[in-house]
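To keep things clear, I will list the structure first and then write my remarks on it.
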Amino acid sequence: MRSTSSTSSRIRAGLTAGLAAGVLLGGCSTGAAPTDDTGGGRSALDPSASSPSGATGSATVPASPPSSEPTRAVPEASGPSPSRVPSSPTAPDPASIAALIATNFEGGGLRLGAERGSTSAYRQYFASYRSNGLTISGRINVPRGKGPFPAVVLAHGYVDPAVYTNGETMLRERDHLARQGYVTLHIDYRNHAQSSRDPDNDARLRAGYTIDAINAGLALKQSSLVDPSRVALIGRSMGGGVVYNTLVVRPGLFRAAVAYAPVSSDTVDNFNTWVRRDASRAGAARSVIARLGTPEAQPARWAATSPRTYFGRITEPLLIHHGTADEDCPIAWSRESVAALEAKGKNVQLYVYPGGRHTLTSPQWDTSIRRTEAFLEQHLT
């Protein structure tokens, strides 16, 4: 544990000054029931921690949002629109890894809103930041004490955006790591909570989530309370796919990464499992197939959307946690990803949890977070 001596005004003033200076389609469910760890570890937080104060009528979240509770509606973007689908004939498909690699990332503008759910170990705030013309909402925990601190971006798994509320998942990881002295920024992704809308995101195989994770890392590095050389990325379930994408798109941005029960690193697995056979997502499936063709007819085009094809670009160490009884994301997917990474000579480690379900419970989760903490301590120091 790091020092916990500080005052609220000092933390807020330091953050304001410092911060101002500065994927895969589908999730591990059919969409009928969220599978991320909503509510896990909530006892450590304020009961209303998943419903912060915040404006919903603008894409830009003010530093001090109004006191009224937000609705579930997602605000329209006031900034430039993301690239529209379809792309020009000469440009890489907008769902491809090549298109993400070619993106000029514009992360920054991390701002704090209402304080909610603080503890004796850290202060928790509603947060927002810029992501290529959009504003992304989230939650940030800041350890009490003197920075700069190491930091972690948290990329959550699938929860239906229609019911998702700000910062409602990965509470256990967020709480535990903040208590160990890490700034933890949980991002909501575009089309979630108070984040801006991106109507093309599904048709681009939700590549926007990767953009949001990369820009979150860039925004954190502009904070005076964050050591820019010690920033990591953690994702679970669908967020594990965001981790894979991020590592191949922007190698070197993060010092290390962790994936909990990740989706497949082959986009076809995810598309066939959750999109192609789901009547409620027929429109998105048709849109993607109209551009790329079917995976059977156009395997090369689909391979171009898969992070596994680009694993040779990864420079960061990666830790994966996966249970053998995962009911949503089969552990075979992680074994295949590890084999592909090892074939490229990458630093990857897989921890297997016998009988573990998609969302690990204690005592397996406790073991996993201790392993994660040791992994981060090793690679961020």
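The values are calculated or read from the model by the stated rules, or taken from the named source; none is laboratory data. Keep in mind it's a predicted model, so treat the numbers as computed, not measured. Heads up, the Cβs are rebuilt from the backbone with ideal geometry, glycines too, and the neighbour counts pull from every protein chain shown.
Could you name every one of the strands (runs of 3 or more DSSP E) located completely within region 126-204 that has at least 1 residues being more than 29 Å from Val268 (Cα to Cα), more than 17 Å from the chain's Cα centre (by Cα) and not polar (S, T, N, Q)?
134-143, 149-155
Restricted to region 206-244, and to residues that are more than 13 Å from Leu185 (Cα to Cα) and among the charged types (D, E, K, R), which residue is surrounded by the most Cβ atoms within 10 Å (Cβ to Cβ)?
The extreme case among them is Arg236.
For Trp274, work out the one condition from (1) in contact with a Gly (Cβ under 8 Å, 6 or more places away or on another chain); (2) crowded, with 22+ Cβ neighbours inside 10 Å; (3) modelled with pLDDT of 95 or more it doesn't fulfil.
(3)
Check region 60-69 and report whether any residue there is part of a loop (DSSP other than H, G, I, E, B), buried (at least 24 other Cβ atoms within 10 Å of the Cβ) and modelled with pLDDT under 70.
yes
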